[in-house]
1. List the number of the failed condition for residue 158; all other conditions in (1) among the acidic types (Asp, Glu); (2) within 24 Å of the chain's Cα centre (by Cα); (3) buried (at least 16 other Cβ atoms within 10 Å of the Cβ); (4) modelled with pLDDT under 95 hold.
2. Going by the structure shown, is residue 164 out of contact with any His (no Cβ under 8 Å at 6 or more places or on another chain), more than 30 Å from residue 123 (Cα to Cα) and polar (S, T, N, Q)?
3. Picking from 152, 170, which residue would you name as being open to solvent by 50 Å² or more (accessible area, probe 1.4 Å), farther than 30 Å from residue 192 by Cα and touching a strand residue (DSSP E or B) at 6+ places or on another chain (Cβ under 6 Å)?
4. Please pick out the residue among 189, 229, 150 that is within 25 Å of residue 76 (Cβ to Cβ) and aliphatic (A, V, I, L, M).
5. Would you point out which residue out of 75, 128 is closer than 30 Å to residue 12 by Cα and modelled with pLDDT under 95?
6. Applying the selection to segment 176-193, what residues are buried (at least 17 other Cβ atoms within 10 Å of the Cβ) and under 19 Å from the mean Cα position of the chain (by Cα)?
7. Looking at segment 194-207, can you tell me whether even one residue there is at positive phi and surrounded by fewer than 15 Cβ atoms within 10 Å (Cβ to Cβ)?
Amino acid sequence: LNGYLSLPLVKDRVAFSVAANYHENDGYIKDINCFASPATRTAKTPKRRYGTEGCNTAPFASHAVRAKLRFTPSDNLSFTLGYNYGYINDPRAYAFQASNHLGVVAGQILAGTYAPAAGYRQAYQMRDRTSLNFQPYTPDETNEVTLLGVLKPGDSGELTTHTSYFRAWKATDIDGDGTPADITSIIAVIHRETFTQAIDYDYKGVKNLDLLVGGFFFYDHTPYYYQQVNSFVAA
């Protein structure tokens, strides 16, 4: 679903526009066991998913909104306020199968003799199929607010200001071993916060001289959290 709307709110002074996109699908990768028993994961985190999307291993979701409000109080002054939102969850890269090169345990899993995976089929060399013990989850969400101001005091130059605040959140919650056994899981979370401010003055008051003077400020903060749970090694 896509849409775009643009219209004046006050003639020659205030205008508004918004564009939006919404896209979701179930994906083409299926889990042959509809994921392993939820009893093996209840103590880990309540965010784990066990067949909440049926047997779809990697459902895709993408949502985006872009809105602008333009204010022109006079012929030589204008402001444009913008807002951008984006969300995507595309876990296809983590919908993988275990290989037979992981040692003794992998051989037991593929043979169906490894106790934690007993009773579940193993998706080995099967096209677009998995046998994970929970559904991978990779949400990525961004929010951004921008402000553009332009002042033209006369023919001698133009003053421009750019302000931007950006905030992002990204998580990764995946089955690290690619098998129905609860062996390894990986959780990573990234928060990002960025602020920028730029001011430029373009001076053209002297013949054959074009002078640009400005300043720029940048701030970025990106904390990162990572956790790997290896129940096989712990046992």
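The values are calculated or read from the model by the stated rules, or taken from the named source; none is laboratory data. Computed from a predicted structure; not experimentally measured. Every residue, glycine as well, gets a Cβ built from its backbone with ideal geometry; the counts of neighbours run over all protein chains shown. Remember, those area values only see protein heavy atoms, side chains included, never the ligands or the DNA or RNA. Shrake-Rupley method; radii C 1.70, N 1.55, O 1.52, S 1.80 Å.
1. The number of the failed condition is (2).
2. Working: out of contact with any His (no Cβ under 8 Å at 6 or more places or on another chain): yes; more than 30 Å from residue 123 (Cα to Cα): yes; polar (S, T, N, Q): yes.
Criteria met by residue 164.
3. Numbers: 170 fails: farther than 30 Å from residue 192 by Cα.
Criteria check complete, one pass: 152.
4. Details: 189 fails: within 25 Å of residue 76 (Cβ to Cβ); 229 fails: within 25 Å of residue 76 (Cβ to Cβ).
On inspection, the qualifying residue turns out to be 150.
5. That would be 75, the only listed residue that is closer than 30 Å to residue 12 by Cα and modelled with pLDDT under 95.
6. Of everything in segment 176-193, those that are buried (at least 17 other Cβ atoms within 10 Å of the Cβ) and under 19 Å from the mean Cα position of the chain (by Cα) turn out to be 186, 187.
7. Taking segment 194-207 as the starting set, the residues that turn out to be at positive phi are none.
The answer is no; no qualifying residue exists.
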